[in-house]
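In what follows, a structure is listed as structure tokens, so that the remarks can point back to it.
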Amino acid sequence: MSIKRWNNISGNCLVSGTYCGDSETIEPEMGDDWSEEIITVIANAAANKYALEPGDEIELLIDFLSSGYEDPGKITGPPEDCYPPEGEDEREVENACVRHYRDGEFLQELGLPETIYGYVFDQFETTINETEIERD
């Protein structure tokens, strides 16, 4: 087998939670917690039209790019020619937006500023990295 390489393959993932107004947190549906920085940006952006209320559902759609390689290694033949499989998959947030729902009704979609994409990646790195991508 040969080394497979890919560059700037698009992928996306969705994380969701429920806004808890009393503690100004977002209770995750599953997985990663939401950082204070991200919640503040969402709350401030949402306040322009529909302020967040306790019980509001929040979805964060994260678009990312993936670049990397997979080398299957060589596990047969003379020992000096063998080496283990290896690879790398670097991912970078390309876009992030929030969908805001109340009682199941869609209220608004908010684009998040590029300045917090680093926070988004740091906060949801596990989810982003575990998301399967098509890399034919």
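FYI, it's all coordinate maths here, none of it is from the lab. Here the structure is a predicted model, which means the values were calculated and not measured. Neighbour counts run over all protein chains shown; Cβ positions are idealised from the backbone, glycine included.
Placing +1 on the Cβ of every Lys and Arg and -1 on the Cβ of every Asp and Glu, with nothing else charged, gives region 4-130 a dipole about its Cα centre of roughly 400 debye. Rounded to the nearest 10 degrees, the angle from helix 117-130 to the longest Cα principal axis of the chain is 50 degrees. Suppose R0 equals 35 Å; then what is the FRET efficiency for ARG135 and ARG99 from their Cβ-Cβ distance, rounded to the nearest 0.05? In this case the efficiency is close to 0.85.
Helix 36-46 against the longest principal axis of the chain: what's the angle in degrees, Cα atoms only, rounded to the nearest 10? It is inclined by approximately 50 degrees.
In region 4-130, the convex hull through the Cα atoms has an average projected area of 9.7 nm², a quarter of its surface area.
Springs between Cα atoms under 10 Å define the GNM used for the chain, and in it the highest mean-square fluctuation of CYS20, CYS82, CYS97 occurs at CYS82. Computed over the chain, the per-residue total of -39500 (n - 2.57) for DSSP H runs of n ≥ 4 gives a 222 nm mean residue ellipticity of -6000 deg cm²/dmol, rounded to 500.
Note: relative contact order over the chain, using C-alpha pairs below 8 Å and six or more positions apart, is 29 percent.
With R₀ fixed at 30 Å, the C-beta to C-beta distance from ARG5 to LEU61 puts the FRET efficiency at about 0.65.
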